1. Filter the chymotrypsin sites (Phe, Trp or Tyr not before Pro) in the range 26-76 down to the DSSP loop ones having no more than 15 other Cβ atoms within 10 Å, then list what survives.
2. Which value, in debye to the nearest 20, describes the size of the charge dipole of the chain about its Cα centre when Lys and Arg Cβ atoms bear +1, Asp and Glu Cβ atoms bear -1, and nothing else is charged?
3. Taking the Cα atoms only, what angle lies between the long axis of helix 71-82 and the longest principal axis of the chain, rounded to 10 degrees?
4. Give me the net charge of residue 92's neighbourhood, meaning all other residues with Cβ under 9 Å from the Cβ of residue 92; Lys, Arg count +1, Asp, Glu -1.
5. Less than 10 Å Cβ to Cβ from residue 19, Lys/Arg counted +1 and Asp/Glu -1: what total charge do the surrounding residues give?
6. Would you kindly state how much longer the chain becomes between residue 16 and residue 4 on full extension, computed as 0.36 nm times their sequence separation minus their alpha carbon distance, in nm to one decimal?
7. In the Gaussian network model of the chain, springs joining C-alpha atoms below 10 Å, which of 48, 87, 35 carries the largest mean-square fluctuation?
8. Which one, 38, 26, 16, is farthest towards the positive end of the dipole of the chain when Lys and Arg carry +1 and Asp and Glu -1 on their Cβ?
Amino acid sequence: MSCEYVKQYYNAPAEIGRRVMVNGRPGVIAQDCGHYIGVNFDSDKPGHISRCHPTWEVEYLDMGEIRPMTKSQLRYKRFIEYGDGFHSFIDFCYWDAQPEHSWNRG
């Protein structure tokens with residue numbers, strides 16, 4: 001999945017969901033960052049992405065699983081995206097909790 005530039009330019013087996021060891025820290029590739037790999041380290045919160053160079057002290061391992069973000073992390077991500085249109089965070093929360101939004105249907 002993705003990471004096409006890294007695969008072609010650096011000849012690295014990078015793909016979303018692959019476990020890696022970067023400078024001795026274990027993690028999983030969770031995002032394609034163009035020239036870099038986006039790694040969610042095991043010691044970080046789910047959803048926290050660190051941009052890492054694909055060849056600098058990176059050991060590519062087997063496939064793993066990307067940890068999903070918590071509900072509050074997802075809400076904050078939506079607030080960053082939509083929040084400018086609201087007077088306060090509580091106004092955003094009322095809007096965000098409405099059942100017609102796709103993220104509240106399931």
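1. 56
2. Using only the charged Cβ atoms, the result is roughly 160 debye.
3. Roughly 80 degrees between the two axes.
4. Neighbourhood net charge equals 0.
5. Neighbourhood net charge equals -3.
6. 3.3 nm
7. For the chain, modelled as a Gaussian network with Cα springs under 10 Å, the answer is 87.
8. Looking along the dipole axis, the top candidate is 26.
Each value in this text was obtained by applying a stated rule to the coordinates, not by laboratory testing. Everything numeric in this text was worked out from a predicted model, so none of it was measured. Note that we place each Cβ from the backbone using ideal geometry, even for glycine, and neighbour counts take in every protein chain shown.
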